[in-house]
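The values are calculated or read from the model by the stated rules, or taken from the named source; none is laboratory data. Source: prediction; values computed, not measured. Glycine also receives a Cβ, built like all others from the backbone with ideal geometry; neighbour counts cover every protein chain displayed.
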Amino acid sequence: MTARPQTSRPETGARRRRPADRRRMIIDSAAKAFSDGGYHAVRLDDIAEAVGISTPALYRHFPNKYALFAETTAELATGLRGVLDTVPEGTPAELHALLEAITATSFDNRRRGGLYRWESRYLEPADAAIVRDVVVHQHRRVRAAARRLRPSLSEDDANLVVAAMISVAASPTTHRAALPPREATALMSAAAIGLFDVVLPEPTEPGPPTVTGLAPAAKREVILTEAIELFAARGFRDVTIEDIAQAADLPASGVYRHFPSKVAILEASFWRATDRVTSAIADALAASTTPREAIVSILAAYIRLSSSTTDLIAIYETEIGHTTPEARAELRNQQRITVDEFATWLTRDRDELSLSQARFLVHAALNVVTDLSRQSPPPSPERIEALAMRILLPG
């Protein structure tokens with residue numbers, strides 16, 4: 001009897017095994033994808049490919065894209081809650097410990113932090129409540145710790161200072177500048193705690209509406225103006241070409257004569273914001289004679305621009321994921337050029353800073369300007385400037 005040849009079997013170590021943490025890998029990849037590209041732009045096929053599995057295999061863990069999005073967002077928010085809850089309450093070191101914890105968590109989640117910062121508006125009410133509760137809890141913890149150390153701080157001032165502190169601590173999620181984690185955490189938490197004793201200008205009562213002049217008559221400008229307002233109010237996804245046409249008092253064909261698509265309108269809006277920032281910086285530098293004057297002038301110009309164009313700044317922050325990858329890369333490259341210009345002048349005034357450290361501080365200051373400008377009602381530009389300037393020039 002002839003022996004049958006044995007079929008060779010792979011060594012145990014070579015056998016392909018299903019990763020025990022596949023669900024964790026899916027959530028991590030989804031968080032990065034949603035944060036970078038936006039909820040609507042991400043496909044489950046893309047996430048599956050990033051994990052190294054088939055799309056049907058992904059569906060064994062999550063029934064649809066929304067379920068994955070909701071769980072990913074909730075996990076990020078509850079993770080922050082868990083970190084905050086490890087900080088003891090009522091101690092003299094509580095404020096510093098909270099800000100350090102927020103900063104470290106932000107740095108650890110740099111690729112994912114935009115998820116609940118920008119994309120939570122797509123959550124259904126029950127899921128949105130999870131994120132909102134964590135954000136409120138975070139603010140209350142930091143505010144209580146701040147007011148224990150500075151009882152004279154009014155409620156309004158405390159809310160404003162705490163919002164700025166948290167904005168600084170969370171700012172690493174808004175950019176990709178490089179710095180070692182420990183160094184970045186120390187720098188950002190120190191910048192955040194440095195806002196604790198800032199002297200704020202007195203709040204000003206809103207005056208009568210200012211005369212804004214005449215609106216442009218050119219149809220292209222009218223389309224852009226109306227589209228920016230609609231995108232800010234309703235979100236890019238929920239605005240149609242017909243909505244823009246109606247707001248601009250044009251037929252839809254009239255919009256298409258100027259822009260080939262809704263995405264083209266969005267990208268033109270973003271380039272408008274970028275061009276305005278570039279022009280404002282150039283004007284500020286032209287009026288300055290020293291690095292410190294340049295820093296003060298650039299920041300003041302940026303704050304004036306943010307305060308007067310909140311809709312444009314808002315859609316730039318929240319809707320960039322709807323642009324084409326090529327346009328997104330170009331826009332972000334221009335943003336890096338702007339930050340580097342600012343950071344270079346900062347290092348010339350503060351020679352103890354490296355360029356990388358200066359970039360982090362500039363991003364933190366600009367993040368505070370953006371976050372506070374979008375509050376309702378927004379604080380006065382003078383109060384925003386006092387906080388942002390302290391980050392850059394603490395002395």
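Residue-wise test of (1) under 19 Å from the mean Cα position of the chain (by Cα); (2) in contact (Cβ under 8 Å) with a residue 24 or more places away in the chain.
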site	(1), (2)
Gly235	yes, yes
Pro251	no, no
Phe259	no, yes
Phe270	yes, yes
Thr274	yes, yes
Ala280	no, yes
Ala286	no, no
Arg292	no, yes
Arg304	no, yes
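For segment 158-185, give me the residue count where each residue is more than 22 Å from Ser376 (Cα to Cα) and touching a residue at least 60 places away in the same chain (Cβ under 8 Å).
Number of matching residues: 11.
Taking Asp197 and the conditions (1) part of a helix (DSSP H, G or I); (2) over 19 Å from the mean Cα position of the chain (by Cα), which numbered condition does it fall short on, given that it satisfies the others?
(1)
Hey, can you tell me all the residues within segment 35-53 that are in a helix (DSSP H, G or I), in contact with a Gly (Cβ under 9 Å, 6 or more places away or on another chain) and at pLDDT 85 or above?
Asp46
When segment 367-395 is examined, which residues are found to be within 18 Å of the chain's Cα centre (by Cα) and outside any helix (DSSP H, G or I)?
Scanning segment 367-395 gives Arg374, Gln375, Ser376, Pro378.
Taking into account only those residues within segment 274-323 that are among the aliphatic types (A, V, I, L, M), touching a Ser or Thr at 6+ places or on another chain (Cβ under 7 Å) and crowded, with 17+ Cβ neighbours inside 10 Å, which is nearest to Leu387 (Cα to Cα)?
Ranking the candidates gives Ala294 first.
When you go through Glu330, Glu317 one by one, which is the residue that is of a type in the set (Asp, Glu), part of a helix (DSSP H, G or I), under 24 Å from Val369 (Cα atoms) and in contact (Cβ under 8 Å) with a residue 12 or more places away in the chain?
Of the residues listed, the single one that is of a type in the set (Asp, Glu), part of a helix (DSSP H, G or I), under 24 Å from Val369 (Cα atoms) and in contact (Cβ under 8 Å) with a residue 12 or more places away in the chain is Glu317.
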